[in-house]
1. Every residue in region 157-207 that is exposed (fewer than 15 other Cβ atoms within 10 Å of the Cβ) and closer than 21 Å to Lys247 by Cβ, please.
2. With respect to the numbered conditions (1) surrounded by fewer than 20 Cβ atoms within 10 Å (Cβ to Cβ); (2) in contact (Cβ under 8 Å) with a residue 24 or more places away in the chain; (3) within 16 Å of the ligand (Cβ to nearest atom), which one is the sole condition not fulfilled by Glu221?
3. Restricting to region 287-314, and then to whatever is within 22 Å of Cys139 (Cβ to Cβ) and among the hydroxyl-bearing types (Ser, Thr, Tyr), can you tell me which residue is nearest to the ligand (Cβ to nearest atom)?
4. Based on this model, can you work out whether Val185 counts as closer than 13 Å to Val159 by Cα and under 20 Å from the mean Cα position of the chain (by Cα)?
5. Before we move on, is Leu233 assigned to a helix (DSSP H, G or I), within 21 Å of Glu289 (Cα to Cα) and open to solvent by less than 20 Å² (accessible area, probe 1.4 Å)?
6. Restricting the search to region 185-208, which residues are near the ligand (Cβ under 10 Å from one of its atoms) and closer than 14 Å to Leu236 by Cβ?
7. How many of the residues in region 39-85 are among the aromatic types (Phe, Trp, Tyr) and closer than 24 Å to Val282 by Cα?
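The values are calculated or read from the model by the stated rules, or taken from the named source; none is laboratory data. Here the structure is a predicted model, which is why all the values come from computation and not from measurement. Here the Cβ is made from the backbone with ideal geometry for all residues, glycine too, and neighbour counts use every protein chain on show. Ligands, DNA and RNA are excluded from the accessible area calculation, which covers all protein heavy atoms including side chains. Shrake-Rupley method; radii C 1.70, N 1.55, O 1.52, S 1.80 Å.
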Amino acid sequence: MGDLEAEKHVKYILSAEKKKDDFESLVLEHLRMNGAYWGLTTLDLLHKLEAVDPDEVILWMMECYHQDCGGFGGNIGHDPHLLYTLSAVQVLALFDKLDALDIEKVSDYVAGLQNEDGSFSGDIWGETDTRFSYCAICCLSILHRLDKIDVEKAVNYIVSCKNLDGGFGSIPGGESHAGQIFCCVGALAITGSLHHVDRDLLGWWLCERQCKDGGLNGRPEKLADVCYTWWVLSSLIMIDRVHWIDKDKLTRYILNCQDRENGGISDRPDNAVDVFHTFFGVAGLSLVEYPGLKSMDPAYALPVDVVNQSFFGK
Ligand code: GRG
């Protein structure tokens, strides 16, 4: 199986951060803020965050900030959205620099996107999705401003997206999907509402995501993909059913998706690597307690020491 090529992954992330004109950078241009979160969290899990100058990152991030409304865009000159605002808050939490934010302004922006039915729109254009419920709740919790929204309504809306198979979809009646399940279970965990989850039913659906090759898929009849290591395992951990997965087979699958020459992790063995799958591969290995990695918090999707720092100041 071979080991985790930690040093090569660090080099890969650091070089991806600097490139601006290759294929991957162009594809990621509109979600560079998410890319910063994926890359920097990977470095932190590998104990190499100090290889990056926080001031340089924060300077760039603040250029993506919209002072008029309090939200962050995915890159300089791009419109604000909850998806990027959460990534910005997570990156600042990684660096322990949340004080660089106007916390009232940012949390007002997030809270202002809650709708009458408790759901959240991602931006002013109104699309709703349980991904945005998670982004809002995680963001406000990190900023200690959950009191700015109607948490009960937010929880009831998420519960209305629960399906008969125990999973959750993007809107009421939407198909269960591991990514949405992470968002809903994560939001319920953060708000202390996990009693709404049927742990055995959902745990069964989630552990059935493990394919013959050891990898996990996101819904029935689909191919395995390294990113589902995160969405599925974090959910299983939050509902206390992670022992229903074959961790050794999964670990082997992730390690087989590494580019052993140039670093980086891909969705499936022998495919091209990218920062998204490198993050979810390393974060997944952290969840299976692969040696030498920092521990990840399954609900906040940040290293545990970062979450502790932000909540307990230690
Ligand atoms: C802080 C980790 C973190 C997340 C923020 C944006 C977000 C909240 C969560 C996204 C959850 C989600 C929906 C993930 C799924 C991403 C994905 C690989 C979708 C692909 O969907 P399909 O239908 O793929 O193309 P399948 O595998 O079903 O064929």
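1. Asp200, Trp204
2. Result: Glu221 passes all but (2).
3. Filtering region 287-314 for residues that are within 22 Å of Cys139 (Cβ to Cβ) and among the hydroxyl-bearing types (Ser, Thr, Tyr), the one nearest to the ligand (Cβ to nearest atom) comes out as Tyr300.
4. On the way: closer than 13 Å to Val159 by Cα: yes; under 20 Å from the mean Cα position of the chain (by Cα): yes.
Yes.
5. Details: assigned to a helix (DSSP H, G or I): yes; within 21 Å of Glu289 (Cα to Cα): yes; open to solvent by less than 20 Å² (accessible area, probe 1.4 Å): yes.
Answer is yes for this residue.
6. Just the residues of region 185-208 that are near the ligand (Cβ under 10 Å from one of its atoms), to begin with: 186-187.
Listed by number, the list holds a single entry, Gly186.
7. Pass one, region 39-85, residues among the aromatic types (Phe, Trp, Tyr): 60, 65, 72, 84.
Next, from what is left, pick out any that are closer than 24 Å to Val282 by Cα: 84.
Residues that pass the stated criteria total 1.
For every residue, the table says whether it meets (1) open to solvent by less than 20 Å² (accessible area, probe 1.4 Å); (2) within 16 Å of the ligand (Cβ to nearest atom); (3) modelled with pLDDT under 95; (4) assigned to a helix (DSSP H, G or I).
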site	(1), (2), (3), (4)
His47	no, no, no, no
Leu86	yes, yes, no, yes
Ala93	yes, yes, no, yes
Ser107	yes, no, no, yes
Gly126	no, no, yes, no
Phe132	yes, yes, no, yes
